[in-house]
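Student: I have a structure I would like to understand better, so I am pasting it below and will then ask my questions one at a time.
The values are calculated or read from the model by the stated rules, or taken from the named source; none is laboratory data. None of these values were measured; they are calculated from a predicted model. Cβ sites come from the backbone with ideal geometry, for glycine too, and all protein chains shown count toward neighbours.
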Amino acid sequence: MDFAFSKEQLMLISSLRDMGKREKFAELAAQIDARAEFPHHLMEKFAAMDLLGMTLSPEYGGSGEPSLTAILAIEELAKFSPMIAAPVFESNVGPVRVIDLFGTPEQKKRIIPGVCQGKLSVSVCMTEPESGSDLTALNTVAEDKGDHFLVNGRKAFITGGGAASHYMVYTRFGEVKGYKGIGALILEKGMPGFTFGKQEEYMGLRGMPSCALYFDNVKVPKENLVVPAGDFGKLMLTFDIERCGNAAMCLGIAGGALDAAKAYAQSRTAFGRPICEFQDISFSIVNMAMKLDAAKLLVYRAANNAGQGLPSIYEASLGKLFANEMVREVTDLAMQVFGGYGYSRDYPIERMARDARAWGVAGGTLQMLRLTIASMLFGRRFDQRK
Ligand SMILES: Cc1cc2nc3c(=O)[nH]c(=O)nc-3n(C[C@H](O)[C@H](O)[C@H](O)COP(=O)(O)OP(=O)(O)OC[C@H]3O[C@@H](n4cnc5c(N)ncnc54)[C@H](O)[C@@H]3O)c2cc1C
């Protein structure tokens, strides 16, 4: 088994680390959280560095890189803040991958170059007020009206809501119940009848645009159909790439917390000694490093085995589940190492702990991931319906 990154991947990691120092990303992360303002100015910078759309098809402006390269970039930037990593996440492992894999040449031409240039972005719209984990019960409906679809429904908690230019909307086509009736359409900001709710106030991920979407008789041209009813499986398979990205955010946040806790344990003194000399503190740091490294191996395996394509459901689910739990434990341990300062807004740890909570809900909850993994281990479906 080869555990080595390529020379290019190592160079990318080191250049992002240097950029973080040079551009004062640690300070920017605190500012984003305090003001709840997304760092839109980074889009242009990241586009110039070819960080946006690096996994997308070269013929449409991407770089055709394997998913692992994007995962490493997301992790490195999320050490500062998931908000700083977000443009790299959305443009490489987000729903634009569905367009790259299954869209028509016209859709690709219309959207992918803009995503790579940081001018366009695509949000994934699955969750509804009445169906989150129970995704296949969704109620948004697209009626076939001959030359267009008429879309009605509501979505909840949509990351990028209000800010993104395009929305990959999971919808039911006609009357067919369950997953067989579900496919996906692209809706564009500004389409008549398509409106946004108020921005969410989350405990963490402050600054991340997120809101409900309302579709009231939205006329969507037929050429915006990406995945027809019957191909729901394609959507879920592609979503596993996004799950690797979600896990990479956890690796980054935990890595940032570990670095901060290590530095603090060497500089803070108690009883006349640096606190790292107390075994309980140094062993806490060891546990953080051990859990983070184990999560890295699972996430890198899933991303590496995906190559330029799709990861295995088992590997992606296992990686996300482990990383989601790990980041909560690691940020909690870091907070304890920092004592009272860990609980203070003047230090970054409480922000990291707040940001850490989101990932085990977004992209599928811990429980739903366990259910997926159990189905694969037992080789059978566990129907949750009454
Ligand atoms: C920060 C953030 C970003 C998000 N971004 C997006 C986005 O961009 N696009 C999007 O579509 N959605 C997004 N979501 C929504 C997210 O996908 C849903 O919140 C999630 O799928 C859970 O759905 P729910 O909130 O309706 O909870 P519910 O489905 O109501 O679940 C409530 C609780 O019950 C548990 N539960 C439910 N069913 C079972 C079962 N059968 N067995 C055991 N436990 C069960 C769940 O695990 C959970 O703990 C985001 C959410 C957050 C917090």
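Student: State all residues of the range 268-318 that are closer than 30 Å to Thr55 by Cβ and among the β-branched types (Val, Ile, Thr); if no residue qualifies, say none.
Tutor: Val299, Ile313
Student: Specify which of the listed residues (Gln266, Gln308) is in the same structural domain as Met368 (by TED's automatic domain parsing), in contact with a helix residue (DSSP H, G or I) (Cβ under 9 Å, 6 or more places away or on another chain) and not in a helix (DSSP H, G or I).
Tutor: Of Gln266, Gln308, the one residue that is in the same structural domain as Met368 (by TED's automatic domain parsing), in contact with a helix residue (DSSP H, G or I) (Cβ under 9 Å, 6 or more places away or on another chain) and not in a helix (DSSP H, G or I) is Gln308.
Every residue, every condition in (1) basic (Lys, Arg); (2) within 25 Å of Leu369 (Cα to Cα); (3) under 21 Å from the mean Cα position of the chain (by Cα), yes or no:
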{"site": "Val220", "(1), (2), (3)": "no, no, no"}
{"site": "Gly230", "(1), (2), (3)": "no, yes, no"}
{"site": "Thr269", "(1), (2), (3)": "no, no, no"}
{"site": "Cys276", "(1), (2), (3)": "no, no, no"}
{"site": "Leu292", "(1), (2), (3)": "no, yes, yes"}
{"site": "Lys296", "(1), (2), (3)": "yes, yes, yes"}
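Student: A follow-up question, please. Does the range 181-218 hold any residues that are within 24 Å of the chain's Cα centre (by Cα) and either at pLDDT below 95 or of a type in the set (S, T, N, Q) (or both), and which are they?
Tutor: Thr195, Gln199, Ser210 - these are the residues of the range 181-218 that are within 24 Å of the chain's Cα centre (by Cα) and either at pLDDT below 95 or of a type in the set (S, T, N, Q) (or both).
Student: Let me ask something else. Looking for whichever is among the aliphatic types (A, V, I, L, M) and over 22 Å from Ala362 (Cβ atoms) here; the options are Ala306, Ala263. Which one fits?
Tutor: Ala263
Student: Out of the residues in the range 335-379 that are among the charged types (D, E, K, R) and crowded, with 22+ Cβ neighbours inside 10 Å, state the one that is nearest to the ligand (Cβ to nearest atom).
Tutor: Here the residue is Asp355.
Student: Among the residues that make up the range 330-352, is at least one of them among the polar types (S, T, N, Q), within 24 Å of the chain's Cα centre (by Cα) and on the phi < 0 side of the Ramachandran plot?
Tutor: Within the range 330-352, one or more residues are among the polar types (S, T, N, Q), within 24 Å of the chain's Cα centre (by Cα) and on the phi < 0 side of the Ramachandran plot.
Student: Run down Phe38, Phe80 and say which single residue is within 30 Å of Asn224 (Cα to Cα), in contact (Cβ under 8 Å) with a residue 12 or more places away in the chain and outside any helix (DSSP H, G or I).
Tutor: Phe38
Student: Return yes when Ala294 is closer than 21 Å to Asn246 by Cβ, touching a residue at least 12 places away in the same chain (Cβ under 8 Å) and of a type in the set (A, V, I, L, M, F, W, C) and no when it is not.
Tutor: Yes, satisfied.
Student: When you go through Glu90, Glu106, Glu128 one by one, which is the residue that is buried (at least 22 other Cβ atoms within 10 Å of the Cβ) and at pLDDT 95 or above?
Tutor: Glu90
Student: Take Val286 and tell me if it is part of a helix (DSSP H, G or I) and buried (at least 24 other Cβ atoms within 10 Å of the Cβ).
Tutor: Judged against the criteria, Val286 is not a match.
Student: Now, a different point. Can you name the residue in the range 227-255 that is over 17 Å from Pro95 (Cβ atoms) and in contact with a strand residue (DSSP E or B) (Cβ under 8 Å, 6 or more places away or on another chain) and, of all such residues, is surrounded by the most Cβ atoms within 10 Å (Cβ to Cβ)?
Tutor: Top of the filtered list is Ala229.
Student: Something else about it: Considering only strands (runs of 3 or more DSSP E) fully contained in the range 136-231, which possess at least 3 residues that are free of Cβ contacts under 8 Å to residues at least 40 places away in the same chain?
Tutor: 141-144, 194-199
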